[in-house]
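What follows is a short report on a single structure.
The values are calculated or read from the model by the stated rules, or taken from the named source; none is laboratory data. Nothing here was measured: the structure is a model prediction, and the numbers come from that model. Backbone-built Cβ (ideal geometry, glycine too); neighbour counts: all protein chains shown. Heavy atoms of the whole protein, side chains included, go into the accessibility calculation; ligands, DNA and RNA do not. Shrake-Rupley method; radii C 1.70, N 1.55, O 1.52, S 1.80 Å.
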Amino acid sequence: PPIHQTRLVVAYDPETRLVTGTERLRWRNDSAVAVPDLYFHHYLNAFANERSTFMRESGGQLRGVEFAEREWGWIEVESLELADGTDLKSVEEYVAPDDGNPDDRTVARYPLPRPVPPGGWIEMEIAFTAKLPEIFARTGAHGEYVLAGQWFPKIAVFEDAGEGGAEEPGWNAHQFHAHSEFYADFGDFDVTLTLPERYRGKIGATGRRVAESVADGRVTERYKARGVHDFAWTAFPRFEVVRDRFDPAADVPEELLARVAATLGTAPAELALSPVEIELFVQPANLAQADRYLAATKAAIRGYGLRLGAYPYPTLTVVDPPLGGYGSGGMEYPTFITAGTHPLLAVPGFRRMMFPEVVTVHEFGHQFFQGMIASNEFEESWIDEGINSYYENVVMEEAFGPWSVRFMGLEMPLWESLRSGGLPPPDGYRDPVVRPAWAYYDGGAYGRNSYSRPALVLRHLEGVLGGETFHRAMRHFFQTHRFSHPTTEDFERAIEESSGVELDWFFDQALRSTVTLDYAVRSLTSRREREPDGVFWVDGRRIEPADDEEGDGAAEGEEPAEGTETAELGTGTAAAEPSDRRWVSRVVVYREGDFLHPVE
């Protein structure tokens with residue numbers, strides 16, 4: 001059952017970048033204790049001024065995109081009333097639980113007149129105004145283009161003792177940091193959007209479009225989404241809209257289905273996938289690449305779905321941002337992803353640079369990790385980004401081959417590219433993989449330990465367990481914890497349960513330490529084995545060395561002297577032909593790093 005039911009009715013003005021409207025929220029306390037207050041995320045306030053925690057940590061730039069000077073974004077609650085008329089706006093309090101920053105307004109607390117009992121519901125109506133920044137950090141507007149992410153007052157997650165590692169019941173509500181993403185409960189959304197009429201037919205959003213109307217020069221669209229933890233939308237009058245459909249009967253080759261079923265040890269019928277309606281919003285200059293986006297989308301629906309479980313939603317929206325809007329590219333929301341390409345990649349020769357495919361597969365993969373495995377990205381980003389990066393490479397290799405780039409003699413294999421990204425800096429890893437996102441040494445450490453390094457850990461674990469055992473264990477983890485908030489401990493427990501292998505020695509080093517796994521072959525020699533020379537005794541009998549080149553122990557035409565033998569020693573006889581002799585190889589493996597690991 002949903003933790004919340006959220007209905008949003010809003011209008012967007014592209015001239016001012018303002019979103020105004022109301023949010024009707026019904027929230028359920030699914031904990032074992034009474035809840036005395038409510039916590040909300042006001043993420044857009046990260047872009048309100050240069051003193052917010054996000055801006056202090058990022059320096060006004062993220063993923064190569066700089067914040068546009070003075071193009072601030074913010075969100076403000078105009079009113080918040082409970083169903084009985086109680087005013088909560090008057091007791092609104094901004095808190096900074098992570099760093100105490102008095103200028104950060106990304107987490108708000110509202111004390112309640114009466115606690116919400118276990119299993120109880122509370123209803124409220126919120127009037128709010130949000131100003132979107134110039135496109136930055138996955139959200140905002142650029143001209144007439146808008147990508148609204150984390151744009152409304154969003155209730156935080158209340159955890160029982162023991163959930164998510166919480167020692168006691170309470171709200172898990174972290175500030176918006178430069179190197180962190182999000183954490184939210186599952187709910188049902190009903191969202192009505194009103195924009196100028198020129199946006200008609202060019203609006204995309206989380207969920208399914210259920211209604212559309214035009215009046216007084218404005219278009220209104222309504223969307224519904226069940227069992228999701230967020231809602232995002234986009235609009236741009238110059239979008240080209242391409243519609244397609246993932247059809248399991250046509251888009252899942254029988255050979256692939258049989259191969260994955262064999263790996264998982266299950267009947268092919270148990271891996272059945274569902275149809276998905278695909279809506280691609282693409283820039284006119286990139287329309288020639290629509291087939292690349294769609295092929296990658298279908299490969300991802302197929303590749304993730306067969307291995308982990310079917311994508312459960314009926315729709316998927318894929319967005320290709322315009323030039324100037326790249327800061328909103330490469331991001332995931334439930335049933336809604338943003339990708340990114342460049343017109344140059346449609347030119348022959350450049351088509352072998354697989355960037356549109358890679359980003360599409362990766363962002364779709366977030367429908368599983370983070371969409372259904374709604375882990376706490378603030379505290380354990382690797383469960384989302386790292387696991388997804390592993391499967392991204394699996395799907396890319398399966399659908400498009402082992403190369404991410406083949407251009408003018410440059411060849412970049414998928415797995416080697418991932419390995420290069422996961423290598424430690426010269427002075428070694430400064431952080432373990434499992435660490436709050438804002439606590440990593442720097443942005444490079446966040447990326448390394450959230451994406452590449454944990455993906456390599458999984459690639460290595462696949463080698464340790466073997467492909468069949470590994471993939472069955474990963475499916476067990478996903479099926480056990482989908483639509484919940486699993487932790488690193490949940491992951492480890494699920495892998496050990498399914499595989500039957502005790503792996504503390506591996507996980508403790510790979511995820512919770514800074515040791516480096518680095519074994520080198522120091523030397524390797526191979527030579528033909530020759531028969532040993534000299535006098536030997538075998539079972540009390542003396543064996544004399546051979547006297548002739550043939551090694552038969554006697555001169556031609558003579559019998560061996562009485563009391564002596566020519567017998568088998570070592571691996572052959574004294575008369576063995578060189579071609580019958582074995583090779584002896586000697587390998588010295590040296591542990592360069594501190595990660596202790598069996599070596600075969």
Residue check for E565: modelled with pLDDT under 90 and open to solvent by 50 Å² or more (accessible area, probe 1.4 Å): yes
Taking the residues in the stretch 182-213 that are assigned to a strand (DSSP E or B) and open to solvent by 60 Å² or more (accessible area, probe 1.4 Å) as candidates, determine which candidate is nearest to A374 (Cα to Cα). R208
Failed criterion for G201 (all others in (1) under 25 Å from the mean Cα position of the chain (by Cα); (2) over 22 Å from V33 (Cα atoms); (3) at pLDDT 95 or above hold): (1)
I need every pair where a residue in the stretch 273-293 that is in contact (Cβ under 8 Å) with a residue 12 or more places away in the chain and closer than 15 Å to A339 by Cβ has its Cβ under 9 Å from the Cβ of a residue that is in a strand (DSSP E or B) and of a type in the set (S, T, N, Q), sequence separation at least 6 or different chains. I278/T315; I278/T317; E279/T315; E279/T317; L280/T317; F281/T234; F281/T317
Across the stretch 290-327, the tally of residues that are modelled with pLDDT under 95 and among the small types (G, A, S) stands at 3
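Each row is one residue, and each column tells you yes or no for (1) among the aromatic types (F, W, Y); (2) more than 18 Å from L147 (Cβ to Cβ); (3) touching a residue at least 60 places away in the same chain (Cβ under 8 Å).
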{"position": "V35", "(1), (2), (3)": "no, yes, yes"}
{"position": "R63", "(1), (2), (3)": "no, no, yes"}
{"position": "G100", "(1), (2), (3)": "no, yes, no"}
{"position": "D103", "(1), (2), (3)": "no, yes, no"}
Return yes when A156 is touching a residue at least 24 places away in the same chain (Cβ under 8 Å) and open to solvent by less than 30 Å² (accessible area, probe 1.4 Å) and no when it is not. yes
Of a type in the set (A, V, I, L, M), open to solvent by 70 Å² or more (accessible area, probe 1.4 Å) and at pLDDT 95 or above: is that true of L465 in this structure? no
Taking A285 as meeting all but one of (1) touching a strand residue (DSSP E or B) at 6+ places or on another chain (Cβ under 9 Å); (2) within 30 Å of H142 (Cα to Cα); (3) at pLDDT 95 or above, write down the number of the exception. (1)
When you check A108 against the structure, is it more than 27 Å from R435 (Cα to Cα) and in a strand (DSSP E or B), yes or no? no
Considering only residues of the stretch 166-176 that are part of a loop (DSSP other than H, G, I, E, B) and under 19 Å from A437 (Cα atoms), which is modelled with the lowest pLDDT? A166
If I ask for residues that are part of a loop (DSSP other than H, G, I, E, B) and acidic (D, E), which ones from the stretch 410-456 would you list? D427, D431, D442
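Would you tally the residues in the stretch 300-316 being part of a loop (DSSP other than H, G, I, E, B) and on the phi < 0 side of the Ramachandran plot?
Residues that pass the stated criteria total 5.
Can you report the number of residues in the stretch 432-461 which are charged (D, E, K, R) and surrounded by fewer than 18 Cβ atoms within 10 Å (Cβ to Cβ)? Steps first, answer last, please.
First, pick out the residues of the stretch 432-461 that are charged (D, E, K, R): 435, 442, 448, 453, 459.
Now narrow it down to the ones that are surrounded by fewer than 18 Cβ atoms within 10 Å (Cβ to Cβ): 442.
Total meeting the criteria: 1.
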Could you please let me know if R419 is open to solvent by 60 Å² or more (accessible area, probe 1.4 Å) and over 17 Å from the mean Cα position of the chain (by Cα)? no
Give the stretch 262-292 a look and list any residue that's over 19 Å from F368 (Cβ atoms) and part of a helix (DSSP H, G or I), or say none. A262, P268, A269, P284, A285, N286, L287, A288, Q289, A290, D291, R292
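From the list T525, T487, T514, pick out the single residue that is surrounded by fewer than 16 Cβ atoms within 10 Å (Cβ to Cβ), within 20 Å of P454 (Cβ to Cβ) and modelled with pLDDT of 90 or more.
Residue meeting the stated conditions: T514.
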Out of (1) in contact with a helix residue (DSSP H, G or I) (Cβ under 8 Å, 6 or more places away or on another chain); (2) open to solvent by 10 Å² or more (accessible area, probe 1.4 Å), the one L271 does not meet is (2)
Checklist (1) under 30 Å from N449 (Cβ atoms); (2) part of a loop (DSSP other than H, G, I, E, B); (3) of a type outside the set (K, R); (4) open to solvent by less than 20 Å² (accessible area, probe 1.4 Å) applied to H179, failing item: (4)
For strands (runs of 3 or more DSSP E) lying entirely in the stretch 317-409, having 3 or more residues that are surrounded by fewer than 22 Cβ atoms within 10 Å (Cβ to Cβ) and hydrophobic (A, V, I, L, M, F, W, C) picks out 403-407
Residue list for the stretch 239-257, filter: part of a helix (DSSP H, G or I) and surrounded by 12 or more Cβ atoms within 10 Å (Cβ to Cβ): P248, D251, L256, L257
For Y304, the lone unmet condition from (1) open to solvent by 10 Å² or more (accessible area, probe 1.4 Å); (2) closer than 30 Å to R472 by Cβ; (3) under 22 Å from the mean Cα position of the chain (by Cα); (4) not hydrophobic (A, V, I, L, M, F, W, C) is (1)
Being open to solvent by 80 Å² or more (accessible area, probe 1.4 Å) and touching a residue at least 40 places away in the same chain (Cβ under 8 Å) is the filter here, so list the residues in the stretch 77-96 that pass it. E78, E81, A83
Is it the case that E531 is of a type in the set (D, E, K, R), closer than 29 Å to Y429 by Cα and crowded, with 16+ Cβ neighbours inside 10 Å? no
